[in-house]
Amino acid sequence: MAGNTLLFKSNYAVSSKIEPFYKGGKVQISHDEQYIFCTCGPRVNILQINTGKIVHSIEQDDQEDITSFSLSPDDEMLVTASRALLLKQWDWKQEKCTRSWKAIHNVPVASMTFDCTSTLLATGGCDSTIKLWDVVKQYCTHNLKGSSGVVHLVEFHPDISRLQLFSSSVDCGIRIWDLRTSKCICILESHYSAITSLAFSPDGQTLISSGRDKICSVWDLKENAVKRTVPIYEAVEGVVVLPGKSDYSEMGVKGDGLHFVTAGSKGVLRVWDSKLARCVFTQTLPDAPDLNTEDGDLDPRSLMHLLPMPQSNRLVTVTAEHNILVYQMPDLTIPSYLLMSFGKAPCLQAVQRLKKAFLVSGSQDCTIKVWDLPDLLPDVGCEPLSLTARLTEKAHDKDVNSVTISPNDKLLVSGSQDRTAKLWSLADMSLLGVFRGHSRGIWCVQFSPVDQTFEGHDASVLKIIFVSRGTQLVSSGSDGLVKLWTIKTNECVKTFDAHQDKVWALHGSRKDDLIVTGSADSLITFWKDVTEVELAEEQAKQEEQVLKQQELSNLLHEKKYLKALGIAISLDQPHTALRVIREIRQQENGPQELEKTLLKLRQDQKESVLRYSVVWNTNSRSCLDAQAVLQVLLTHLSPEEILQYQGARTHLEGLIPYTERHMQRIGRLLQSSMFLDYMWQKMRITGGKDSVNLDEDDDSVDEMDTSPQSIFFISKQPGDMTEIQVRERQQEDEEEDPEGSEEKEELLDEDESVSKSKSAHVNGKKKNGVNTVVDGGQVFSEESEDEEDVMEITTKPLPNESTVFDPSKTANIR
């Protein structure tokens, strides 16, 4: 748009989305430490660790959630288990399923793992059984029974020569299975809650188990007995044994004893000495407040998984927020990679960056802080700056949900959960005013550049931003909807539905051409302003239609009906197509030309014409055109061909009632024309010598009968109908269809010559409630097969005007 012309926005389109790649469940790292495998509903997403991008996605065809999966140690084979009780083997690099088989388990598989040779697969089910599979020869080798409840953990001993499998279920014990005999040789009992992780020492002689009972147990696998119980003082979700090759002195490791790392509800990594049973190192996180370790809701920073990367000497943690952090040992302060899955929507603090080098923040501590920013901010990856608040003000009695700065940088408004909004002077944070009136907490406040705001959403409004120089606004609500409003008219221009949960975040670009929304459904959606694009497309479409309309007129003038009808169908304009049909029917050889044109159409074009005919048939002005089209289609196409058309059954069902109505109307009009013709003839004969040229000497002329004549009224229904009833019936027809009167006049004009040259036969037969009209003035009403109900009226042409009218010769009634 040129100059300063303001173009109101009318639509936004989703340009891209950032979807969660992980929604909880198992996480596994490839042996080459290049990829992370994680579950996301019916998919297993494969992420490249260095870039954090999804490079492959394995998805179930039946859309059933994946309950467990395992990657073979050679990184070649991926096996998934779903709620459909199927096991599927994948070539994950090609995203291709190579084999599937029944899991034999009666309920879903809860855990699975490969042995170190990538040939044996163990699956633990919710039916308390463990199955072992030879994935090379493709058969089940073992069926291990004896566990209690869900088998949520299975691990092979790293030394394959021992042929031992370790499992754990809800009874909190660790079962050791001898695969040679398929027997449980020992149950290790030490924990009092679910066991979450198992880790073997490098020599395979020691096992460390972790549990949510806040302890780790160190087991001697020679004696199958517990050597030491280490109190961890937090629910432990993962444990990793440190390899003895590297120097971990920075992590408090001294000597050659066995050390292990734990991750749990406190959200930090800790290193433990197994001999001393004490913590030798605790990870420190920058500016991290104390975690909520009380019973109740899980803290979003709690760690749910801990995975080793021994080749690169790294550790991987998975938080309760479904974020994946990669740490390089021995420095565990700052993660080297952060993969954010947006599994849960965090509580966002409102932050406003101004033109000047400071920002304002509001917090759950009910305060507002003004921060000074340095001229140069550190680059990504550098040590973060420690900022000090220049001003701090206790602003509200409850959480501060939103703050915003006026366009002139002089005023600040805050919105709080205490249902008030407050106006502040940014110079000294002095209170200028309090706004009351909301019945619930205020989630968002914004300054309008030009006008006031208004009521809008049906659900809670969480965020608003102004667009189009303040003349429009975009709002987001707790119902997952985003709305575009024009302020002056209070009109909702468009509603956008791309989220399944509360839309907490909403932001617009400086160029006013892009907005971003973030929702509790774990989606970040980018919306692009497509107003100008739509206007350009609409203009181009209109220009194209004008050209096609001109081309259509030229084709009709040149009598190129086939191409003209094709253009009308391509424009999807039934009225234009009707115009072409009428042009064809008005030709001297109209029926033949119409038949020739329709039969040359493609099948999809015939489908469109049939669909148009259903619409035309509902109007008395266009029903004859519809019937002409239907006659061609039904005559030359078999029922099987017609039924293959899209929506053919629906179209045919829609044709029947209106066709019956038109046939009944035409039948009544033809019957009425017989009586009008009779009355007209009667008036001509009885009107005197001026009306009839009588020659008394002519023997060929019969004597005129001047006696009163009977008037016959014909009805399709049993019984007689009076003349008054006939008139009332005609009036009802006119009221039923206002266009009927015009149609009757046309039919009367066309049938004016009935008395001279047209004969009409009315047969009272009806079949399936369908009436038909054929050439020659014959009307068939297929109503009854009973010969007693059949009535026939024949109007014979008069020899000349001087012939005496004889009703006995004109009407024969059987």
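Report, by chain and number, residues whose modeled amide H sits under 5 Å from the one on VAL280, excluding near sequence neighbours (fewer than 5 apart, same chain).
VAL271, TRP272, ASP273
Below 8 Å between Cα atoms, with a sequence gap of 6+, how large is the relative contact order for the range 101-215 in percent?
Once normalised by length, the contact order is 16 percent.
Given that compact globular proteins tend to follow 2.2 N^0.38 Å, what is the ratio of the alpha-carbon Rg of the range 138-282 to that value?
Normalised Rg, Cα atoms only: 1.07.
Contour minus end-to-end for SER406 and CYS382, with contour as 0.36 nm per residue of separation and end-to-end as the Cα-Cα distance?
5.4 nm
Taking a threshold of 20 Å on the Cα-Cα distance, which of the pairs LYS563/LYS606; LYS88/LYS183; LYS26/LYS227; LYS541/LYS596; LYS102/LYS145 fall above it?
Too far apart for the 20 Å limit: LYS88/LYS183; LYS26/LYS227; LYS541/LYS596.
Using the beta-carbon distance between THR618 and GLU491 and R0 = 35 Å, what value does 1/(1 + (r/R0)^6) give for FRET efficiency, to the nearest 0.05?
0.55
Over the heavy atoms of SER519, what accessible area does a 1.4 Å probe trace out, to the nearest 10 Å²?
Roughly 10 Å² of SER519 is accessible to a 1.4 Å probe.
Between HIS31 and LYS511, take the C-beta separation as r, use R0 = 56 Å, and let me know the FRET efficiency to the nearest 0.05.
The calculated FRET efficiency here is 0.75.
Taking just the alpha carbons, could you work out the radius of gyration and Dmax for the range 1-117, both in angstroms?
Over the range 1-117's Cα set, Rg and Dmax evaluate to 19.5, 72 Å.
Using the Karplus curve 6.51 cos²θ - 1.76 cosθ + 1.60 with θ = phi - 60°, what ³J(HN,Hα) values do you get for each residue of the range 364-375, in whole Hz, with x for Gly and Pro?
With coefficients 6.51, -1.76 and 1.60, one gets 6, 7, 6, 10, 10, 10, 10, 10, 8, 9, x, 5 Hz.
Tell me which residues come under 5 Å, amide H to amide H, from ALA498 once H is placed; ignore anything under 5 positions away on its chain.
Hits under the 5 Å cutoff: VAL482.
Is there a pair in LYS463/LYS494; LYS9/LYS410; LYS9/LYS483 whose C-alpha atoms are over 22 Å apart, and which pairs would that be?
LYS9/LYS410
Simple spin-label model, 7 Å along Cα-to-Cβ: ASP75 to ARG684 in nm?
About 10.4 nm separates the two model spin labels.
Give me the distance in nm between label points sitting 7 Å out from Cα along the Cα-to-Cβ direction at ILE187 and LEU599, one decimal.
About 8.5 nm, to one decimal.
Which far-off residues, 5 or more places away or on another chain, put their amide H under 5 Å from the one on VAL236, with H placed in the peptide plane?
Under 5 Å from the amide H of VAL236: GLY211, ARG212, ASP213, LYS214, ILE215.
Could you give me the radius of gyration and the Dmax of the range 460-593, taking only the C-alpha atoms into account and expressing both in angstrom?
24.0, 70
So if each residue of separation counts as 0.36 nm, and I subtract the Cα-Cα distance between ASN106 and LEU643, what length gain in nm does that give?
Computed gain between ASN106 and LEU643 is 188.8 nm.
Points 7 angstrom from Cα along the Cβ direction at THR51 and THR282: gap in nanometres?
Result for the modelled spin labels: 4.1 nm.
The values are calculated or read from the model by the stated rules, or taken from the named source; none is laboratory data. Please read these numbers as outputs of a predicted model, since none were measured by experiment. Neighbour counts run over all protein chains shown; Cβ positions are idealised from the backbone, glycine included. Just the protein is used for accessible areas: all its heavy atoms, side chains included, with ligands, DNA and RNA removed. Shrake-Rupley method; radii C 1.70, N 1.55, O 1.52, S 1.80 Å.
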